[in-house]
1. Pick out the one residue from 155, 166, 124, 159 that is under 29 Å from residue 61 (Cβ atoms) and among the β-branched types (Val, Ile, Thr).
2. Go through segment 234-250 residue by residue and tally those that are in a helix (DSSP H, G or I) and under 23 Å from residue 183 (Cα atoms).
3. Before we move on, is residue 244 at pLDDT below 95 and under 17 Å from residue 52 (Cα atoms)?
4. Can you confirm whether residue 133 is among the acidic types (Asp, Glu), touching a residue at least 24 places away in the same chain (Cβ under 8 Å), surrounded by fewer than 20 Cβ atoms within 10 Å (Cβ to Cβ) and part of a loop (DSSP other than H, G, I, E, B)?
5. Taking segment 72-103 as the region of interest, how many residues are β-branched (Val, Ile, Thr) and under 26 Å from residue 62 (Cα atoms)?
6. Could you list, ordered by first residue, the pairs with Cβ atoms under 8 Å in which the first is in segment 88-112 and of a type in the set (S, T, N, Q) and the second is surrounded by 10 or more Cβ atoms within 10 Å (Cβ to Cβ) and part of a helix (DSSP H, G or I), at least 6 apart or interchain?
7. Could you check segment 87-126 and list, in sequence order, the residues that are part of a loop (DSSP other than H, G, I, E, B) and in contact with a helix residue (DSSP H, G or I) (Cβ under 7 Å, 6 or more places away or on another chain)?
8. Got a sec? Which of 55, 66 is in contact with a Ser or Thr (Cβ under 6 Å, 6 or more places away or on another chain), over 30 Å from residue 162 (Cα atoms) and surrounded by 11 or more Cβ atoms within 10 Å (Cβ to Cβ)?
Amino acid sequence: MDSPNQAGPGRSWAKRLGTLGAVAVLALLSGCTKEQVSTGFFPAESKGATNHTEAYTSLWNGAWIALLIVGLIVWGLILWAMVAYRRRKNDRGLPVQLRYSMPIEILFTVTPVILVLGFFFQSVQVMEKTTDDTTPGEQVIEVAAKQWAWDFNYVNQDVYYAGTQVHLDGSEKPGEKAPTLYLPVDTDLEIKLRSRDVIHSFWVPAFLEKRDMIPGHDQSLHLRAEKEGEYVGKCAELCGEYHSEMLFNVKVVSKAEFEDYTKSLGDEGNKGQLGPEYDRNWYPKEGAEK
């Protein structure tokens, strides 16, 4: 049979397609700002927000850049094969069949293994710096989630803030009356998380971290807020009818302002801690009837 594998003319087309693809990618990326690329398209305010955000951003940027390169190579090879080895008008018979190409088999096996191992070890390193961070907190703050608001206990100062539900009014951010969590800047924080009723999730998008809050399974978040500013937080777990209104603000302030704020809570009479007696399923004695 005649072989159709006369790929000479097709190679020029493959080069043209490769050039066109490279130009298209550059054109798409040119629409992104330098800041967007540097933050991995995460919220701009996440840059330098905590001592964890840089690790998350680096992992994310490395992952999507590596996968984009692999994708471009694969797409390029597919397009090149479609053009270079397409059936032409004067071709007769079947093309030459190739099988058991050892170099290709090794390439297709080794490359995914290298990528998986690389992502695995990078992820473990990032988790050790972030999720597994157990740095003792200079300030301990307990966050209690409830349908559909938040309570904040400032443990060191023995004062509390009792939040009420936000009523959305069409604005992009919660109003001034939304529960507001104050955090001192450049301070090791231990944020204890617990739920009073159903499953909630503590999420501050700018911090690039969130934690599920399951009743009876308390956990904590250790971090250092490194940039003063205001951030928006929300519950990231569907928790009932008014889940969309379970919002809060976060204010990272100077240590002096943080002390002034917590002192004002005490002056308002919010002394002590809001404990488990406010939980939905709390009972003072074991074996008490529901």
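The values are calculated or read from the model by the stated rules, or taken from the named source; none is laboratory data. Here the structure is a predicted model, which is why all the values come from computation and not from measurement. Methodologically, a virtual Cβ is constructed for each residue, glycine included, from the backbone with ideal geometry; neighbour enumeration extends over all protein chains shown.
1. 124
2. Final tally of qualifying residues: 1.
3. Taking the combined requirement at face value, the residue does not satisfy it.
4. On the way: among the acidic types (Asp, Glu): yes; touching a residue at least 24 places away in the same chain (Cβ under 8 Å): yes; surrounded by fewer than 20 Cβ atoms within 10 Å (Cβ to Cβ): yes; part of a loop (DSSP other than H, G, I, E, B): yes.
So residue 133 fits the description; yes.
5. Final tally of qualifying residues: 3.
6. 111/70
7. Within segment 87-126, no residue meets the criteria.
8. It is 55.
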